[in-house]
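Have a look at the structure below, then the notes.
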Amino acid sequence: SVVIVSISQQADQEIPYKYPWPTNLHAKLIEHLNQAGAKAIGFDVLFDKRDNYDLANDTVFADAVQKYGNVVLGGSVQSTGQNRGQGSSSLSISLVRPNRVLQEASPHPPGLVRAYNDADASIRKYILGLEYNNQQLYSMGLELLQIYQNIDSTDISQTPEVLKFGPYEIPKYSDYLMAINYFGEPGTFPTHSYE
């Protein structure tokens, strides 16, 4: 089953730190979730900067990530267009990764957490994955599924129409998108406030 631990307004009021909170708090969350039997944990947060309070907090967080080996940290591919005049432009793409301490502790690549909005700002499609510097990156959801179902990388392949991900065949909307088949209304999955 899926459980959402939300960074809610209530949590922000009750945790005695200004957000972004010290990263050692995330280490405690990892510990508690694993004690509760979590098979895979994903942070839909970018930890690209070091801890604001104490750099040692990142080490505590990294130790928990490494200890359990079932944590996927967020990453995002960002593109910036540059106009070179007379209508020509170039596109530069960069990957926002977890900071070096966290990245080195994680046995898994970052899961892409960037949302894809339609022209009317609705979210109807989901990014399956992207290739960056000859490395295939997958969405947070797929990275978590790979851990949860213990899917070997050799069991992942794709055609222009379908991404085969272990036992799952996911129809593709485009090269890197799928149409979302929402499981239910908001609140379908149990949600708990972080604090």
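The values are calculated or read from the model by the stated rules, or taken from the named source; none is laboratory data. Quick caveat: nothing in here was measured; it's all calculated off a predicted structure. All Cβ positions, even for glycine, are placed from backbone atoms using ideal geometry, and neighbour counts span all protein chains on display. Note: accessible area is taken over every heavy atom of the protein model, side chains too, but ligands, DNA and RNA are not part of it. Shrake-Rupley method; radii C 1.70, N 1.55, O 1.52, S 1.80 Å.
The separation of the stretch 17-36 from the stretch 103-166, counted between C-alpha centres, amounts to 24 Å. Between Leu177 and Asn52, the simple spin-label model (points 7 angstrom out along Cα→Cβ) gives 3.4 nm. The apolar share of the surface of the chain, taken as the fraction of accessible area on carbon and sulfur atoms (1.4 Å probe, ligands and nucleic acids excluded), comes to 49 percent. The helix-only estimate of mean residue ellipticity at 222 nm for the chain, built from DSSP H runs of length n ≥ 4 each weighted as -39500 (n - 2.57), is -7000 deg cm²/dmol after division by the residue total.
Only one of (i) 13.7; (ii) 11.2; (iii) 11.8 was calculated from the structure for mean projected area of the Cα convex hull in nm², and its label is (i). Put simply, when 41-53, 181-193 are sorted by average Cβ atoms within 10 angstrom per residue, most first, you get 41-53, 181-193. Taken one residue at a time, the phi angles of the stretch 10-21 give Karplus couplings (6.51, -1.76, 1.60, θ = phi - 60°) of 4, 4, 5, 6, 8, 7, x, 9, 7, 6, x, 5 Hz. Gly and Pro are set to x. Measuring r between the beta carbons of His32 and Val2 and using R0 = 22 Å, the FRET efficiency lands at 0.85. In this structure the amide hydrogen of Ser139, modeled in the peptide plane, comes within under 5 Å of the amide hydrogens of Leu112, Gly129, none closer than 5 places in sequence on its chain. Take each peptide in 131-140, 29-38, count the other Cβ atoms within 10 Å of every residue, and average; sorted highest first, the result is 131-140, 29-38.
Take a quick pass over the chain and tell me how many lysine pairs come in under 15 angstrom between Cα atoms, counting only ones 8 or more apart or on separate chains. Lysine pairs, 8 or more places apart or on different chains, close enough: 4.
Per-residue Karplus couplings for the stretch 56-72, computed as 6.51 cos²θ - 1.76 cosθ + 1.60 with θ equal to phi - 60°, are listed in order as 5, 4, 5, 5, 5, 4, 4, 4, 5, 4, 6, 4, 8, x, 10, 10, 10 Hz, Gly and Pro entered as x. In this structure, the amide hydrogen of Asp51, modeled 1.01 Å from its nitrogen in the peptide plane, lies closer than 5 angstrom to those of Asp58, counting only residues at least 5 positions away or on a different chain.
Give me, ordered by chain and number, the residues 5 or more places off Leu163 or on other chains with an amide H under 5 Å from its own placed amide H. Excluding prolines and chain starts, which carry no amide H, the hits are Ile170, Lys172. The calculated FRET efficiency for Lys164 paired with Tyr116, based on their beta-carbon distance and R0 = 25 Å, is about 0.70.
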